[in-house]
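Undergrad: Pasting in a structure now, in structure tokens, and then I'll have a few things to ask.
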Amino acid sequence: MLLLFLNNTSTMSASTQATDSTGPAAENTLAPSGGPVNKNTLPPNVAPPTPEATPDPEQARIEADKKRRADELAELAAKRAAEVATEAKRILDCSEDSYAEILGVNPNCPEKELVEALRKLGCLLHVNSTDDSDAKRAFDKLLKAAESLEMNDLYIAEIRTWDGEEGFNPFDEDMEKPPREDKVPDPPEFVKNLYIEATDSIKALATNSEDPTAKEKLEEINGKITDFNKEEKAKEKAKDPEGKKADQISDYRWTIRIGWFGPQFKDLLDCFHTLQNDPTNGEALKRMAYVQDLINEEYEKKHFPQEWKPPTFEEYLVTSRHKTLEDIKEAVSNGRTMANTLSKSMIDITDKAAGLSADMKAAVASAEHDVNSQVAKIKSAINDAENHARRASQVNDISEATQLIETAQAAICEAGQAIKIAEQVLKNISGIVNKATSAVVGPKSGIAYPWATPKLQDGSFIIGARSFGPFTQVCVEEKVNGRFIRKLVSENDVSLDVKANMKSNENWTLNLAKDQAKWGKKHASDFKKLLWVATTPDGGRGNVDCCVEFENDGVQVLTKTSFFNVITKKRGTAMILDWYQELDITAPITQNGLSVETQRRVLDRLDPRASNQSRHQTQEPSLGGDSVEEDRNSETVAGMEKEVNDMKKKVNDLETKMNDLETNIEKKFETKMKEMETNIETEMKSMEAKVDNGMKSMETKFEAGMNDLGKKLDQLLARLNK
């Protein structure tokens with residue numbers, strides 16, 4: 001080693017000498033680029049460049065560690081900031097009285113868990129540990145929740161005064177259940193009256209811990225109590241500004257812990273539900289006793305009214321039995337209604353199939369037998385359920401009453417199954433019959449109607465129908481003396497319940513009132529020809545329907561008003577008159593487009609003689625006034641001519657007004673009828689939906705009852721096996 005050291009020393013000395021000399025060795029000095037540098041080529045007074053020092057590996061490692069620790073701290077800070085923002089938002093989103101939710105704990109947790117939650121959230125949101133904008137409000141809400149949960153003041157104070165660094169003392173086990181002290185004085189008469197006002201809301205929470213109306217009412221009452229405490233505090237402060245008595249009055253003294261009551265009542269009801277199905281459940285019995293002790297202690301400490309206490313298990317059973325019996329009573333009523341509805345629906349389908357083939361009638365008869373059989377089962381099961389429910393309401397023994405209720409529920413369930421079967425049979429046969437009746441078309445007239453035209457028993461066909469509130473008008477096509485005619489008759493004049501069929505199947509036949517408002521001048525270019533005109537049998541009253549063929553829209557049935565809207569009133573009137581003239585029968589309208597009855601009323605009012613003359617003419621007269629003018633010209637009094645001319649002008653004006661009025665009335669009538677139909681259909685659908693919902697609810701309850709009964713039978717068998 002010594003020899004190696006001497007050699008290295010000699011080498012270093014030689015190198016130094018070579019650097020200081022001006023000989024050839026100096027010319028080998030390296031330039032910054034790595035090549036040799038000749039000192040003679042350097043500018044005057046410029047020293048050659050000095051090589052860079054080799055980096056220290058230990059220093060590089062230290063710098064890397066510093067950067068890693070800085071990155072870790074930045075990541076931790078970002079995570080903490082995100083946690084602060086998340087918890088602050090969660091707390092601020094909680095309702096003011098959800099104290100346990102604010103601390104993020106179970107309402108019935110021990111105080112140790114409350115303290116741990118308070119310390120964690122308090123340090124996270126404290127002003128000494130974060131500058132988040134929402135943290136301050138969330139911190140105040142957290143401490144308010146801790147005070148409302150009546151946590152030990154020492155734990156609350158240590159969080160409020162935390163310096164951001166100092167740790168906390170371990171949780172004192174002796175403070176978990178401190179000796180009970182009634183710190184709440186007996187409430188004054190004002191607060192007692194508010195408690196009485198809150199009784200109904202407390203009872204509502206006992207059955208539904210999330211009842212929004214009850215919570216809102218209790219919050220209102222708490223507001224009044226808080227205002228009262230603030231007034232008392234101000235009075236004490238005025239009496240003794242330096243005294244401590246005012247500081248001892250809390251704003252929340254005597255307030256009702258809404259967020260506490262709900263969970264306790266829910267916990268108790270859960271125990272009741274468990275014990276109702278399993279009376280010997282040890283865990284439920286223990287839990288029920290614990291919750292009842294908590295409630296009793298709270299009531300005694302806060303001087304709450306005894307009326308606020310939740311029911312005992314025995315009281316719950318009585319109330320539950322009464323509610324179950326009411327549900328069975330409602331189910332019995334719904335079942336009877338459903339049985340009648342099923343029977344009526346089957347009768348309607350049978351009537352609808354009257355004009356169908358023998359095979360179809362046989363299928364309907366078979367379905368009718370099946371439906372009637374299920375209806376008989378429904379009625380029998382409903383009667384059994386009603387009898388057992390009546391007996392259950394009369395006995396005092398809980399066990400016997402429970403058994404009778406379960407038997408009644410089983411009978412209701414049986415009725416529900418029968419209803420399902422009958423509904424399915426009706427659905428199947430209704431579809432078959434609707435399809436068969438839709439296939440029946442009247443081809444003998446030579447017109448191919450693009451909608452269903454049900455056949456009547458007398459061989460005529462229903463072309464369409466419209467409803468007028470409780471009344472229904474039907475357009476019928478029949479062959480009379482070798483000629484096809486169409487007429488508008490009442491539903492009572494045909495052998496089918498047209499309105500019921502149209503309601504059950506919108507494609508059963510054409511709705512003459514539907515979509516009439518859409519026809520107008522834009523369809524004039526598509527018009528091809530008038531096929532036929534239909535009116536009431538008297539020829540002069542009621543609606544006038546026109547069957548029209550379009551190039552693109554095909555065969556359609558339009559009202560007279562819609563027909564006039566398409567091809568103008570003048571042209572439409574001429575076509576209708578020509579069509580009736582070819583048949584050699586009186587037209588239902590005049591040359592002015594008015595109905596015959598309307599024109600006669602006009603003539604009766606203006607000139608009775610012209611009206612009487614028109615009643616005896618085979619062709620309806622126009623209102624040109626030729627006959628009237630001849631009568632007037634036969635008079636010798638010249639002044640009568642002027643009177644006639646004035647009358648003619650008045651008649652023409654009145655004709656125009658009457659025509660406009662008739663058009664407006666028809667439009668309004670069609671619109672009103674359409675609205676009435678829509679309202680009636682909506683109401684019927686709503687009623688059907690209610691019945692369906694009632695049956696579904698009933699079936700769910702019955703199935704739940706059967707499941708409970710099965711569990712009890714299993715338990716009984718298990719005991720017997722033991």
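The values are calculated or read from the model by the stated rules, or taken from the named source; none is laboratory data. Values in this document were obtained by computation on a predicted structure and should not be read as measured data. Positions of Cβ are generated from backbone atoms using ideal geometry, with glycine treated the same way; all protein chains shown enter the neighbour counts. Ligands, DNA and RNA are stripped out before the accessible areas are found, and what is left, the full protein with its side chains, is counted by its heavy atoms. Shrake-Rupley method; radii C 1.70, N 1.55, O 1.52, S 1.80 Å.
Undergrad: Please tell me which of these pairs span more than 31 angstrom C-alpha to C-alpha: K245/K301; K499/K657; K144/K217? Show your work: numbers first, answer last.
TA: On the way: K245/K301 21 Å; K499/K657 35 Å; K144/K217 21 Å.
Among K245/K301; K499/K657; K144/K217, the Cα-Cα distance tops 31 Å for K499/K657.
Undergrad: Ok, one more. Between K79 and A289, what is the label-point separation in nm under the 7 Å Cα-to-beta-carbon projection?
TA: The answer from the label model is 4.6 nm.
Undergrad: Quick one: of K379/K420; K352/K690; K427/K701; K344/K377, which pairs are farther than 20 Å apart, Cα to Cα?
TA: On the way: K379/K420 14 Å; K352/K690 27 Å; K427/K701 25 Å; K344/K377 16 Å.
In this structure, K352/K690; K427/K701 exceed 20 Å between Cα atoms.
Undergrad: So what is the accessible area of segment 682-722 per residue, in Å², with the probe set to 1.4 Å? Working shown, then result.
TA: Details: 3210 Å² over 41 residues.
Counting only protein heavy atoms, the per-residue value for segment 682-722 is 78 Å².
Undergrad: Taking the Cα-to-Cβ direction at I347 and at D578 and moving 7 Å from each Cα, how far apart do the two end points lie in nm?
TA: 5.1 nm
Undergrad: At a Cα cut-off below 20 Å, give the aspartates and glutamates reachable from K711, other chains included and same-chain residues fewer than 8 away excluded.
TA: D270, D278, E283, E400, E406, E414, E699, E703
Undergrad: Tally up the carbon and sulfur contribution to the accessible surface of segment 94-133 as a whole percent, 1.4 Å probe, everything protein left in place. Write out the running numbers ahead of the final one.
TA: Numbers: 820 of 1790 Å².
Summing carbon and sulfur atoms, their accessible area is 46 percent of the total for segment 94-133.
Undergrad: Just the number please: accessible area per residue for segment 217-358, 1.4 Å probe, all protein chains included, in Å².
TA: Numbers: 7700 Å² over 142 residues.
About 54 Å² of surface per residue is accessible.
Undergrad: Next question. Could you calculate the FRET efficiency of H369 with K514 from 1/(1 + (r/R0)^6), where r is the beta carbon distance between them and R0 is 41 Å, rounded to 0.05?
TA: Values: r = 37 Å, r/R0 = 0.90.
For H369 and K514, the calculated efficiency is 0.65.
Undergrad: Full-extension gain between S129 and T207, please, as 0.36 nm times their residue separation minus the C-alpha to C-alpha distance.
TA: Working: separation 78, 0.36 × 78 = 28.08 nm, distance 4.36 nm.
Once the chain is fully extended between S129 and T207, it gains 23.7 nm.
Undergrad: Residue separation times 0.36 nm, minus the C-alpha to C-alpha distance between E113 and D71: what's the value?
TA: Values: separation 42, 0.36 × 42 = 15.12 nm, distance 3.40 nm.
Fully extending the segment from E113 to D71 adds 11.7 nm.
Undergrad: Another question about this same structure. Between V480 and E662, what FRET efficiency comes out of the Förster formula 1/(1 + (r/R0)^6) with R0 = 22 Å and r the beta carbon distance, rounded to 0.05?
TA: On the way: r = 29 Å, r/R0 = 1.33.
With R0 = 22 Å, the Cβ-Cβ based efficiency is 0.15.
Undergrad: Another question, if that's okay. Between Y299 and K235, with labels modelled 7 Å along Cα→Cβ, what's the label distance in nm to one decimal, could you check?
TA: Placing both labels 7 Å along Cα→Cβ, they lie 3.0 nm apart.
Undergrad: Given a Förster distance of 30 angstrom, what is the FRET efficiency for R336 paired with D278, based on the Cβ-Cβ distance and rounded to 0.05?
TA: Details: r = 35 Å, r/R0 = 1.17.
Approximately 0.30, to the nearest 0.05.
Undergrad: Right, something else. If you count only protein heavy atoms with a 1.4 Å probe, what accessible area per residue comes out for segment 74-157, rounded to a whole Å²?
TA: Numbers: 4150 Å² over 84 residues.
With the other protein chains kept in place, segment 74-157 gives 49 Å² per residue.
Undergrad: Over all directions, how big on average is the projection of the convex hull of the alpha-carbon atoms in segment 456-529, in square nanometres?
TA: Values: hull surface 26.2 nm².
It is 6.6 nm².
Undergrad: Please compute the net charge surrounding D278, taking Lys and Arg as +1 and Asp and Glu as -1 over other residues with Cβ under 14 Å from its Cβ. List each step's numbers first, then the result.
TA: Numbers: positive: K286, R287, K711, K712, R719; negative: D270, E283, D708, D714.
Once positives and negatives cancel, what remains is +1.
Undergrad: On to the next question. Taking all protein chains as present, what is the carbon and sulfur share of the accessible area of segment 343-402, in % to the nearest whole number, probe 1.4 Å?
TA: Values: 1600 of 3310 Å².
The nonpolar share, carbon plus sulfur, comes to 48 percent.
Undergrad: Using a 1.4 Å probe on the protein chains only, how many percent of the accessible area of segment 465-556 belongs to carbon and sulfur? Before the final figure, lay out each step's value.
TA: On the way: 2040 of 4580 Å².
Within segment 465-556, the accessible surface is 45 percent carbon and sulfur.
Undergrad: In nm, what is the difference between 0.36 nm times the number of residues separating D653 and E549 and their Cα-Cα distance? Could the numbers behind the result be given before it?
TA: Numbers: separation 104, 0.36 × 104 = 37.44 nm, distance 3.39 nm.
That pair, D653 and E549, stretches by 34.0 nm at full extension.
Undergrad: Sort segment 263-353 into rounded, prolate or oblate with this rule: let a ≥ b ≥ c be the square roots of the eigenvalues of the Cα gyration tensor; rounded if a/c is under 1.5, and if a/c is not under 1.5, prolate when a/b is larger than b/c, oblate otherwise. Walk me through the numbers on the way to the answer.
TA: Details: a/c = 4.94, a/b = 3.12, b/c = 1.58.
It is prolate, given that a/c is not under 1.5 and a/b is the larger ratio.
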